[in-house]
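What follows is one structure encoded as C-alpha cells, with my remarks underneath.
Throughout, read-outs are computed from the coordinates displayed, never taken from laboratory work. No experiment lies behind these values; they were computed from the predicted model shown. Here the Cβ is made from the backbone with ideal geometry for all residues, glycine too, and neighbour counts use every protein chain on show.
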C-alpha cells in the first residue's frame with residue numbers, strides 16, 4: 001500500500017502511524033519517486049454531507065474564548081508536553097544550519113528591535129514577526145520536533161514559536177500560552193483535513209505550511225485577545241497567506257524544508273493576527289461563503305470535509321493525533337534506526353558484513369535520499385561508527401558526502417521493500433521495520449521492530465516526554481538548568497510571565 005494520500009486506501013482520519021515524512025520527506029532528493037507518487041492517483045468522489053452553515057463564527061468564537069474556556073484536562077496536559085518537546089527542540093537545534101540561517105535573516109531585518117521578542121533558545125532579540133519566524137526555524141532545525149501524521153503537519157515550531165514571541169512582547173502568562181497553543185494545534189491539524197489532504201496533494205499545496213499558518217494565526221489571535229468577530233478577519237488573512245509547494249520534496253539540505261514546515265507558517269500566521277489588530281478588515285465568512293476559500297472549486301469533491309474544522313471541538317483534540325519523534329530522523333525511518341541501535345552490541349564497523357533493512361512504503365526513497373536524516377544507509381553507518389545517534393551527525397551533509405569511512409560502510413547497507421509489512425485498508429500504520437545483521441564474529445541476527453513509541457497509536461508516556469526533553473536539554477544548558485526548564489514548563493499554567501521560560505532557555 002502506498003503512503004500517498006492520493007491512494008484510495010489512504011485514510012485522513014485513521015492514518016495515525018503514517019509519519020509526517022511517510023508522504024513527503026521520504027522523497028527528498030528523489031524526483032523520480034515524487035513523479036511516481038504523482039501518477040498514483042485515484043480521484044475520490046465522496047463529498048462532505050450536512051455541512052453546517054456557521055463554521056467561521058464557530059471556530060472564531062472557539063479561538064477567541066480558549067483562554068477562559070473549559071478545556072479537557074487531558075488536552076491541557078498534552079499541550080504542556082508538546083510545548084516542552086518544542087522548547088527542548090529549540091535548545092538542541094539552535095546552532096544547526098537551518099536554525100542559524102533563520103536567525104541570521106531575522107537579525108538582518110530587525111536587529112535589536114525594541115518592540116520585539118527573543119528567538120527561542122537564544123539571547124537574540126528581534127522584531128515580533130521575525131521572532132516568531134526565527135523561533136519556528138530554530139525548533140525545526142532538525143528532525144526531532146512533533147508532527148501530526150494524519151494531517152501531514154508539524155505544529156510545534158510555528159505554534160509554540162508564535163506563542164512565546166507574543167507572550168513575551170505583551171507580558172502574558174504561561175496560562176495564556178498554554179491555552180493559545182491548544183487552539184493552535186487544533187487549527188494546524190484540522191485545516192488540512194477540512195480542505196482534504198488528498199486534495200492538497202493533488203493541487204501541489206503543501207499541508208506542511210498551510211496548517212501551521214492557520215495554527216499560528218489562531219495562537220496569535222488568542223494571545224492578542226481579539227474578539228470573535230475580529231478573529232473571523234484573522235482567518236481571512238490567513239487564507240490569503242496560506243502557501244507552500246510540495247517542491248520541498250526536492251530539498252537536500254533541510255533548509256527550504258524548514259522554511260516550509262515552520263518559518264513561513266509562523267510568519268504568515270502572526271502577520272494575519274497583527275494586521276487585524278491594527279484595524280484591517282477582510283471577508284468575515286471565509287469558511288462559509290460559497291464563493292470564498294473553503295468552498296472554492298479546487299477543493300470540491302475528493303476528501304473535502306469543511307465540517308471537520310468544528311466537529312467535536314470541545315471533546316476531541318488534534319493533540320491526541322500528534323506524535324513525538326524518538327530519534328532525530330524522518331518518521332518512517334525510526335523503527336529501522338531503533339533496530340540498528342539495538343543491534344550495536346552484536347557488531348562493529350570492522351566486523352559487519354551487511355545490514356539489510358526491510359520496510360513498507362517508499363523504501364527506495366529512504367535508501368537513496370539525499371537528505372542525511374532520511375537516508376537509512378547513512379544513518380546505519382554512522383550509528384555503527386559512533387555507537388549512538390545524535391542530531392548533529394544525523395543532519396551532517398559534509399559527513400554524508402565526504403567521510404570515506406561512512407561511504408565505505410554504506411556499501412554494506414541496503415534497504416529493501418517488505419510487502420508483508422504493508423498494512424491492509426483501514427488498519428493503522430505504525431511504520432514497522434525488519435533488520436538483518438550479518439557479522440563476521442556474531443553471525444546472522446534478525447530483529448523486528450513493529451513500532452517506535454511516540455506515534456499516536458503508541459504514544460509516549462509523560463515520563464517518556466520528560467526523559468526526551470532532558471536528553472535534548474542537558475548537553476546545552478546543563479542538568480540543573482534542564483531540570484528547571486522541565487519543571488517550569490510542566491507547571492506552565494501557574495507561571496505568571498511566560499518570558500520566564502524564554503529567559504530560562506536563552507544561551
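Tabulated data
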item	result
Per-pair calculated FRET efficiency, R0 = 30 Å: residue 105 and residue 500 via Cβ, rounded to 0.05	0.65
Nearest 10 degrees, 0 to 90: helix 228-241 Cα axis against the chain principal axis	50 degrees
Relative contact order %, the chain, counting alpha carbon pairs below 8 Å whose residues are six or more apart	23 percent
q = 0.11, 0.16, 0.17, 0.18 Å⁻¹, the range 268-383: log10 I(q)/I(0) [Debye, one scatterer per Cα]	-0.69, -0.91, -0.95, -1.00
Binned Cα-Cα distances of the range 254-325, short to long, each 5 Å bin given as a whole percent	3, 11, 11, 14, 23, 24, 10, 3, 0
Inter-label distance for residue 341 and residue 298, nm, one decimal - labels placed 7 Å from Cα along Cα-to-Cβ	4.0 nm
Residue 350 paired with residue 448, simple spin-label distance in nm, labels 7 Å along Cα-to-beta-carbon	3.5 nm
For the range 54-321, radius of gyration divided by Kirkwood radius, i.e. Rg to Rh on alpha-carbons	0.94
Fully extended contour minus Cα-Cα distance, from residue 483 to residue 401, at 0.36 nm per residue	25.8 nm
The range 384-463: relative contact order as a whole-number percent, Cα under 8 Å and 6+ apart	16 percent
Relative packing of 175-183, 277-285, 449-457, which averages over residues the other C-beta atoms within 10 Å, highest first	175-183, 449-457, 277-285
Helix axis angle, 207-223 relative to the chain longest principal axis, alpha carbon, degrees	40 degrees
Between 0 and 90°, nearest 10: helix 55-65 axis offset from the chain longest Cα axis	90 degrees
Rounded if a/c under 1.5, otherwise prolate or oblate - the range 331-449, Cα gyration tensor axes	oblate
At R0 = 56 Å, FRET efficiency that the Cβ-Cβ distance of residue 461 and residue 291 yields, to 0.05	0.70
Normalised contact order of the range 54-321, rounded percent, pairs of Cα under 8 Å and 6 or more residues apart	25 percent
Cα shape, the range 116-272, gyration tensor, a/c 1.5 rule	oblate
Linear extension gain, residue 470 paired with residue 441, 0.36 nm per residue minus alpha-carbon span	6.8 nm
